[in-house]
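The values are calculated or read from the model by the stated rules, or taken from the named source; none is laboratory data. Computed from a predicted model, the values in this text were never measured in an experiment. All Cβ positions, glycine included, derive from the backbone under ideal geometry; neighbour counts span all protein chains shown. To get the accessible areas, we keep the full protein, side chains included, count just its heavy atoms, and leave off ligands, DNA and RNA. Shrake-Rupley method; radii C 1.70, N 1.55, O 1.52, S 1.80 Å.
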Amino acid sequence: MNLFFRQRLADGDRIEVAGVPVRLRVNSRARRVSLRLDLASGEMVATAPNLRQLSAAADFAQQRAEWIRHQLAARPQPLGLVPGQAIEVLGRPCLLAHRPGRAAFHPAAGGEPARIGVGGDPARFSNGVIRVLKAEALGFLSERTEVHVAAIGKPLPTVSVADARSRWGSCRPPRSRGFGAECEVGRIRYSWRLILAPYAVADYVAAHEVAHLVEANHSPRFWAVVKDLVGDHRPHREWLREHGARLHAFGGG
């Protein structure tokens, strides 16, 4: 009997590290074993490029037990969306109010800040606010996508928003349906939570995904396209690294 036999691990398995569950994940796009905190779910995820390296990902998580504890301790607590609360929409103040009528966004006017009004069952107030924010995110990101696509001379892709767990955006460039066939339109999907970021940061993400219509990688040519669209991208990436967890905390209470 092999005393060093280890139980086979599978994609989606969970192990315990310092009393914390860690989910094991296989991602063929990954270049190496990695460990991260899923901002949306609050779950630690150890990723391997393939099934063979899943045990190495598990070992890596065990070695980073202290880092895991620190990340979980520093994680922002869930923030509910409640009447009277002030949030920021594209960097500008917005007040949440419980009022009769359909849930809607009311732009700033007459010196007053923007408002999101939601009626109905107070217990579902947060859900109503999120619906409005998703609609605002789709409108804004669709408009910025159209602007950046026009700048690079590419066909307009379809745009959608979702509660992405690990990416602020994703892009699938157009694909040919076969010889002589029409090209399938590209698709870009964004995290709706970008509407809670400053205008320039959300606009950078739109430019980033549009740039993937030209270069489906992160090569110097790709970053050159991003620079042509929005200038220096580094402050925006740094803002997301510093404040991204806070954006994911909204609506969790």
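Backbone geometry of the range 14-21 corresponds, through the Karplus equation with coefficients 6.51, -1.76 and 1.60 at θ = phi - 60°, to 3J(HN,Hα) couplings of 10, 10, 10, 10, 6, x, 10, x Hz, x marking Gly and Pro.
Using a 1.4 angstrom probe on the protein heavy atoms only, could you order 185, 225 from most to least accessible area?
The most accessible residue leads, giving 185, 225.
Electrostatic tally near residue 141: other residues with Cβ closer than 15 Å to its Cβ, Lys and Arg +1, Asp and Glu -1, net 0.
Counting Lys and Arg as +1 and Asp and Glu as -1, what is the net charge of the other residues whose Cβ lies under 15 Å from the Cβ of residue 102? Display every interim value, and only then the final one.
Details: positive: 99, 115, 124, 131, 134; negative: 121, 136.
Computed value for this residue: +3.
Given charges of +1 on the Cβ of Lys and Arg and -1 on the Cβ of Asp and Glu, with all other atoms neutral, how large is the dipole of the range 41-122 about its Cα centre, in debye to the nearest 20?
100
Per residue, the chain exposes 58 Å² of accessible surface when a 1.4 Å probe is rolled over the protein heavy atoms with every protein chain present.
In the chain, a dipole from Cβ-located charges (positive for Lys and Arg, negative for Asp and Glu) runs towards its positive end, and of 173, 207, 48 it is 48 whose Cα lies farthest in that direction.
When the alpha carbon gyration tensor of the range 113-229 is reduced to an equivalent ellipsoid, the three semi-axes, largest first, read 30, 17, 12 Å. Rounded, prolate or oblate for the range 56-166? Axes are the square roots of the Cα gyration tensor eigenvalues, ordered a ≥ b ≥ c, and the cut-off for rounded is a/c under 1.5. Cα axes put the range 56-166 in the oblate bin.
With a sphere of radius 15 Å drawn around the Cβ of residue 235, what net charge do the other residues whose Cβ falls strictly inside it have (Lys, Arg +1; Asp, Glu -1)?
0
Each residue of the range 208-253 gets 93 Å³ once the volume of the Cα convex hull is shared out per residue.
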